[in-house]
Amino acid sequence: MATASAHHTARTQADEAADEAARTAAYEVVFDAAVAADERIEPRDWMPDAYRSTLVRQIAQHAHSEIIGMQPEANWITRAPSLRRKAILMAKVQDEAGHGLYLYSAAETLGVSRDELLDKLHSGRQKYSSIFNYPTLTWADVGAIGWLVDGAAITNQVPLCRCSYGPYARAMIRVCKEESFHQRQGYELLLALSQGTPEQHAMAQDAVDRWWWPSLMMFGPPDDESSHSAQSMAWKIKRHSNDELRQRFVDICVPQAESLGLTLPDPDLVWNEERGHHDFGAIDWTEFWEVLKGNGPCNDQRITQRRRAHEEGAWVREAAAAYADKHTNRAVGSTSTTGETGATRA
Ligand code: BYC
C-alpha cells in the first residue's frame, strides 16, 4: 500500500510539474504576442521572471537617480543669486523628489517595497546614475545640469513613454513634461550668464566644459558593452540603443550650444554629411566604469548624505505610520456601531 501511495504521489507531482510547464508556455505565448502587438503589460498580467527583474532593476535605478539627483542642485538653493532663481530651483528640486515617488510607486507594482529598494540603494546593491557623482562647483552648474543633464534625461525618457510596462510608461509621461520645463530653465539660465559679463560667460563655459562628457556617459556604455540592451529592446522596455540615443542628444545639443554662444569641449565634433549626424570624440569609458565602481568625485558624499537624510526622516515615517494605525483602529472601532467594515472605512 505504502509503495503504491508513494508511486501515486510521485506521478501526481510529475503531472503537476508538466501542467505548470504547459501553463507557463501558454502564458508566455500571450505575453510575447502582447509585446509584439505593442500592447501594455500591466501589473496583474503574467510576465517572465527576468522581465520583472529587469524592470525592477531599471525602475529602481531610475528612482534612486531622481532622489540622489536632488543633492547637487540643492547645494545651490541657499546661494541662488535672486529670489526668482531660488524659487525656480526649489520647485525643480521638489519635482525630482516627485519623480522619485512616481518611480518607486511604479516599481512597487512589480511586487517590491520601497523600503527594500531604499535599503539596496543605501547598501550599494543598486545603482543610481553616474552623473550625480560630479560636484556642482559654481552657480552656472545649475544651468548646465538643466540644459545637459535634464536634456539627456529627456532624450532617454521620451522613448520610455512607450515602454511595454504600463505603470513605468505612464509615469514617464508626466516626468518628461516636467523635465522639459527643467531643461528650458537651465538653458535660459546659461543664456543669461553667457550674455552677461565676461566673468559670467567664462563661468558658463567652464560648467559646460565639465558637464558635457559626463552627460554623454549618462546614456550607458557603448552598445557592444551594454549587457542588457538586446533583451530590453526585444521586450520593448528600451526602444533605442544607448549609442542611438547618445547620437540623438549630440545632434540636438550642437545648434543649441551655438545659440547659447558656448563651445562644446570636443575638437572632434563635426557634421558628417554622409551619416547625417555629428561625429564626436572618444568618450573616456575608464572614467565611467570607475564612477560606477564608487570612485567618482562625489560617490561617498552622495550616499552618506542619502543615508543621513533617511535616518533623519525616520520620525516622519514613524509619525505617518502611527497616524495611519490610529485612523485604521478608529475605523475598525466604529464597525460595531455603523455596520461598515474597517477596511471599507479605512
Ligand atoms: N549610470 O546594459 P546597460 C534625471 C549600468 S535621473 C550608472 O546599457 P541598461 C534627473 C547598468 O545599470 C536620470 N549605471 O544597462 C534627476 C548596468 O549595470 P547593472 C536617470 C549605469 O539598463 C535629477 C551596466 O551599466 N535616468 O533625469 O540596459 C535631476 C550596463 O549597462 C549607467 C534613468 O535611469 C549610468 N549612466 O541601460 C536632474 C533612465 N548606464 O544594472 C535629472 C532609465 C548604465 O547590470 N534607465 N549603467 O549592474 C535607462 O534607460 C537604462 O537603465 C540606461 C542603461 C540607459 C541608463
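The values are calculated or read from the model by the stated rules, or taken from the named source; none is laboratory data. These numbers were taken from a predicted model, which means no experiment stands behind them. Counting neighbours? That spans all protein chains shown, and the Cβs are built from the backbone with ideal geometry, glycine included. Note: accessible area is taken over every heavy atom of the protein model, side chains too, but ligands, DNA and RNA are not part of it. Shrake-Rupley method; radii C 1.70, N 1.55, O 1.52, S 1.80 Å.
For segment 224-239, enumerate the residues that are more than 8 Å from the ligand (Cβ to nearest atom) and open to solvent by 40 Å² or more (accessible area, probe 1.4 Å).
Across segment 224-239, the qualifying residues are 224, 230, 231, 233, 234, 236, 239.
Restricting to segment 290-333, what's the tally of residues that are aliphatic (A, V, I, L, M), touching a Gly at 6+ places or on another chain (Cβ under 9 Å) and under 18 Å from residue 125 (Cα atoms)?
1
Any chance segment 132-152 includes a residue that's more than 15 Å from the ligand (Cβ to nearest atom), under 20 Å from the mean Cα position of the chain (by Cα) and open to solvent by 10 Å² or more (accessible area, probe 1.4 Å)?
no
Among the residues of segment 187-223, count how many are under 17 Å from residue 137 (Cα atoms) and open to solvent by 50 Å² or more (accessible area, probe 1.4 Å).
Of the residues in segment 187-223, 9 are under 17 Å from residue 137 (Cα atoms) and open to solvent by 50 Å² or more (accessible area, probe 1.4 Å).
Among 174, 79, 162, 125, which is open to solvent by 30 Å² or more (accessible area, probe 1.4 Å), more than 8 Å from the ligand (Cβ to nearest atom) and without any contact (Cβ under 8 Å) to a residue 24 or more places away in the chain? It would help to see each step written out before you state the result.
Numbers: 174 fails: without any contact (Cβ under 8 Å) to a residue 24 or more places away in the chain; 79 fails: without any contact (Cβ under 8 Å) to a residue 24 or more places away in the chain; 162 fails: without any contact (Cβ under 8 Å) to a residue 24 or more places away in the chain.
Going through 174, 79, 162, 125 in turn, just one is open to solvent by 30 Å² or more (accessible area, probe 1.4 Å), more than 8 Å from the ligand (Cβ to nearest atom) and without any contact (Cβ under 8 Å) to a residue 24 or more places away in the chain: 125.
Taking interchain pairs and intrachain pairs at least six residues apart, which have beta carbon atoms under 6 angstrom, with the first residue in segment 89-102 and closer than 15 Å to residue 68 by Cβ and within 11 Å of the ligand (Cβ to nearest atom) and the second among the small types (Gly, Ala, Ser) and part of a helix (DSSP H, G or I)?
That search, which allows pairs on different chains as well, returns 93/74; 100/63.
Kindly indicate which of 89, 55, 103 is farther than 30 Å from residue 24 by Cα and in contact with a helix residue (DSSP H, G or I) (Cβ under 8 Å, 6 or more places away or on another chain).
After applying the criteria, what remains is 89.
Hey, among the residues in segment 201-218 that are free of Cβ contacts under 8 Å to residues at least 60 places away in the same chain and over 12 Å from residue 260 (Cβ atoms), which one's nearest to the ligand (Cβ to nearest atom)?
209
Conditions tested, residue by residue: (1) open to solvent by less than 90 Å² (accessible area, probe 1.4 Å); (2) at pLDDT 90 or above; (3) out of contact with any Pro (no Cβ under 9 Å at 6 or more places or on another chain); (4) of a type in the set (Lys, Arg).
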| position | (1), (2), (3), (4) |
| --- | --- |
| 36 | yes, yes, yes, no |
| 39 | no, yes, yes, no |
| 42 | yes, yes, no, no |
| 46 | yes, yes, yes, no |
| 59 | yes, yes, no, no |
| 64 | yes, yes, yes, no |
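Here are some residues: 118, 193. Which one is out of contact with any Leu (no Cβ under 7 Å at 6 or more places or on another chain), under 25 Å from residue 262 (Cα atoms) and either free of Cβ contacts under 8 Å to residues at least 40 places away in the same chain or away from the ligand (no atom under 15 Å from the Cβ) (or both)?
Just one listed residue meets the conditions, 193.
Restricting attention to segment 240-258, which residues are in contact (Cβ under 8 Å) with a residue 40 or more places away in the chain and either open to solvent by 40 Å² or more (accessible area, probe 1.4 Å) or within 16 Å of the ligand (Cβ to nearest atom) (or both)?
Residues satisfying the conditions are 240, 245, 248, 249, 252, 253, 256.
Go through segment 259-292 and count every residue that is open to solvent by 70 Å² or more (accessible area, probe 1.4 Å) and either hydrophobic (A, V, I, L, M, F, W, C) or under 19 Å from residue 242 (Cβ atoms) (or both).
7
Can you tell me which condition residue 169 does not meet? The list is (1) in contact with a His (Cβ under 8 Å, 6 or more places away or on another chain); (2) more than 10 Å from the ligand (Cβ to nearest atom), and all the others hold.
Of (1) in contact with a His (Cβ under 8 Å, 6 or more places away or on another chain); (2) more than 10 Å from the ligand (Cβ to nearest atom), only one is false for residue 169: (1).
List the residue pairs whose Cβ atoms are under 7 Å apart, where the first residue sits in segment 48-63 and is under 11 Å from residue 110 (Cα atoms), the second is part of a helix (DSSP H, G or I) and within 8 Å of the ligand (Cβ to nearest atom), and the two are 6 or more positions apart or on different chains.
Final answer for the pair search is 54/232.
Of these, 134, 128, 168, which one is among the hydroxyl-bearing types (Ser, Thr, Tyr) and either farther than 21 Å from residue 288 by Cα or touching a strand residue (DSSP E or B) at 6+ places or on another chain (Cβ under 6 Å) (or both)?
Details: 134 fails: either farther than 21 Å from residue 288 by Cα or touching a strand residue (DSSP E or B) at 6+ places or on another chain (Cβ under 6 Å) (or both); 128 fails: either farther than 21 Å from residue 288 by Cα or touching a strand residue (DSSP E or B) at 6+ places or on another chain (Cβ under 6 Å) (or both).
That would be 168, the only listed residue that is among the hydroxyl-bearing types (Ser, Thr, Tyr) and either farther than 21 Å from residue 288 by Cα or touching a strand residue (DSSP E or B) at 6+ places or on another chain (Cβ under 6 Å) (or both).
Please state which one of 192, 153, 207 is small (Gly, Ala, Ser) and under 30 Å from residue 105 (Cβ atoms).
After ruling out the rest, the residue left standing is 153.
So the check is Cβ under 7 Å with 6+ separation or different chains; which pairs have a first residue in segment 138-154 that's over 17 Å from residue 200 (Cβ atoms) and a second one that's polar (S, T, N, Q) and part of a helix (DSSP H, G or I)?
These pairs meet every condition: 148/215; 149/215; 150/183; 151/183; 152/215; 154/180; 154/183.
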